[in-house]
Amino acid sequence: MNVVSAITGLPYVGKTTLFNLLTGAHASTGAFAGAEAETNVGVAKVPDPRVEELAALYKPKKITHAEVMYRDIGLARAEKPGQAISPQKLGDLRTADAIVHVVRAFSAPSVPHVDGSVDPVRDLSTVELELLFADHAVVERRLERIEPELRSSKGPEREMKEREKAVLQRAFAALAEERPLRDLDLDADEEKAIRGFRFLTRMPVLVAVNLDEDDVADPERIIAPVREAAKAHRASAVVPVSAKLEAEIAELPPEEAASFRKELGLAEPALDRLIRATYELLGLCSFFTVGEDEVRAWTVPRGAPAQQAAGAIHTDLERGFIRAEVIGWQELLKAGSEANAKKLGVMRTEGKTYPVKDGEILHVLFNV
Ligand SMILES: Nc1nc2c(ncn2[C@@H]2O[C@H](COP(=O)(O)OP(=O)(O)OP(=O)(O)O)[C@@H](O)[C@H]2O)c(=O)[nH]1
Ligand SMILES: [Mg+2]
């Protein structure tokens with residue numbers, strides 16, 4: 001699935017450092033590289049212990065994890081609200097499906113802060129407000145132009161435009177109160193009426209807090225106020241991470257990395273958590289296919305029907321879908337093999353509309 005998360009935030013907060021860590025890229029960091037530069041695009045593997053466990057059972061030639069795409073989109077510093085994001089960067093942001101908003105909580109005196117001091121709550125508002133201004137401008141322009149269009153249209157076309165106008169007016173009111181469009185409760189038709197605008201404050205957003213190394217073991221003091229602020233912005237999650245520490249750990253051999261993490265009291269690599277949080281933010285889940293050739297995780301929107309899920313594997317499987325044999329990953333591990341699972345009667349047969357659940361194994365029967 002081709003979904004993209006934008007990584008954005010103020011200059012010098014560690015966006016590119018994080019982006020490189022997540023995707024294994026080597027984009028340049030520091031020296032305000034981000035505001036001018038092209039955006040960086042890369043792919044992160046979604047860590048998933050279930051895939052390893054299934055692979056341990058099948059010993060396949062190939063193991064394939066799910067992936068998330070990240071796009072690192074640097075912003076300039078705002079002189080006045082509404083000026084920080086160039087039209088090109090706005091366009092880049094609008095191609096994204098979700099936003100990872102990085103805020104700085106690390107102190108490093110050698111790294112200047114564009115607003116003079118370290119204040120993640122203020123930074124969060126600064127950028128969210130920029131995005132809000134950008135949406136406001138779009139709504140305003142469209143509301144001006146829709147009037148003559150309304151007058152010259154009729155029938156179903158007019159109805160559609162009426163609906164669009166009504167939603168835009170609600171959007172206008174929300175934005176005027178500095179409420180993000182995530183705050184609007186829209187039904188499916190209303191959602192469709194404004195989908196094309198790709199409003200930035202309607203995209204799901206998570207806040208990644210780039211911590212000082214010293215705060216990693218006990219981030220709550222730093223995180224709590226950010227979490228409060230994030231709630232007001234309707235952010236889905238707040239994820240602490242120390243880009244610098246993660247970069248240092250990434251240099252270590254795996255065993256040393258693991259014991260170092262243990263020493264620091266970190267249960268799970270922060271980057272893994274961030275990738276998984278992004279996957280969730282995007283509304284995605286994984287199902288698996290298994291065999292001696294390949295154990296593989298496939299990505300579908302949560303709740304996708306089995307026929308659509310089959311299409312993630314191949315369009316032929318979607319077109320010629322007959323039924324799917326389905327089993328949970330744990331049940332399969334317990335049974336030891338698909339043959340045994342069938343014998344035990346724990347393998348189910350499901351039809352086209354069956355909503356696939358995260359962690360299920362699908363075997364699609366099809367005919368084209
Ligand atoms: N101490 C410390 N320094 C960091 C951390 N993360 C990034 N830096 C440093 O901060 C500087 C800016 O990092 P970048 O990753 O380039 O930041 P950016 O947000 O991509 O900056 P622009 O692209 O210019 O907007 C670099 O010198 C990094 O080494 C961190 O967690 N701790
Ligand atoms: Mg950068």
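The values are calculated or read from the model by the stated rules, or taken from the named source; none is laboratory data. All values derive from a computational prediction rather than experimental measurement. Counting neighbours? That spans all protein chains shown, and the Cβs are built from the backbone with ideal geometry, glycine included. Each accessible area value is taken on the protein alone, full model and side chains, heavy atoms only, with ligands, DNA and RNA left out. Shrake-Rupley method; radii C 1.70, N 1.55, O 1.52, S 1.80 Å.
Give me the percent of the accessible area of segment 303-366 that comes from carbon and sulfur atoms, probe 1.4 Å, all protein chains in place.
Roughly 51 percent, rounded to a whole number.
A straight Cα-to-Cα reach below 29 Å connects Lys89 with the lysines Lys15, Lys45, Lys80, Lys161, Lys165, Lys192, Lys231, Lys244, residues fewer than 8 places away in its own chain not being considered. Between segment 56-72 and segment 333-368, how far is it from one alpha carbon centroid to the other, in angstrom? Distance between centres, Cα-based: 20 Å.
Rounded to 0.05, the FRET efficiency of the Lys59 and Glu178 pair, given R0 = 51 Å and the Cβ-Cβ distance, is 0.35.
State the Cα centre-to-centre distance between segment 140-159 and segment 278-327 in whole Å. Each part's Cα centre sits 41 Å from the other's.
Residues whose amide H lies under 5 Å from that of Gly291, counting only those 5 or more places away or on a different chain, are absent; hydrogens are built 1.01 Å from N in the peptide plane. The 3J(HN,Hα) values that the Karplus relation (6.51, -1.76, 1.60; θ = phi - 60°) gives for segment 135-149 are, in residue order, 5, 4, 4, 5, 4, 4, 4, 5, 5, 5, 7, 6, 4, x, 5 Hz. Gly and Pro appear as x.
Glu147 sits with roughly 60 Å² accessible to a 1.4 Å probe, with DNA, RNA and ligands left out of the calculation. When the Gaussian network model of the chain links Cα atoms closer than 10 Å, the mean-square fluctuations of Gly328, Gly265, Gly155 top out at Gly155.
Under 5 Å from the amide H of Thr64 lie the amide H atoms of Val295, Arg296, Ala297, each residue being 5 or more positions distant or on a separate chain, with H modelled from the backbone and absent for Pro and chain starts. Considering only Ser152, Ser242, Ser337, the Gaussian network model of the chain with Cα springs below 10 Å gives its largest mean-square fluctuation to Ser152. In plain terms, the chain from Glu228 to Glu140 could stretch by 28.7 nm, reckoned as 0.36 nm per residue minus the Cα-Cα distance.
In segment 46-124, the ratio of gyration radius to Kirkwood radius, Rg to Rh, stands at 1.19 when only Cα atoms are counted. Between Arg94 and Ala258, the contour length at 0.36 nm per residue exceeds the alpha carbon distance by 55.2 nm. Treating each Cα of the chain as an identical point scatterer and summing with the Debye formula, the log10 of I(q)/I(0) at q = 0.06 Å⁻¹ comes to -0.28. Per residue, the accessible area of the chain comes to 50 Å², computed with a 1.4 Å probe over protein heavy atoms only.
Karplus-based coupling profile of segment 44-57, in residue order and whole Hz: 10, 6, 7, x, 8, x, 5, 5, 5, 5, 5, 5, 5, 6, with θ = phi - 60° in 6.51 cos²θ - 1.76 cosθ + 1.60 and x standing for Gly or Pro.
Under a Gaussian network description of the chain, with springs only between Cα atoms under 10 Å, the residue in Pro269, Pro49, Pro301 that fluctuates furthest is Pro49.
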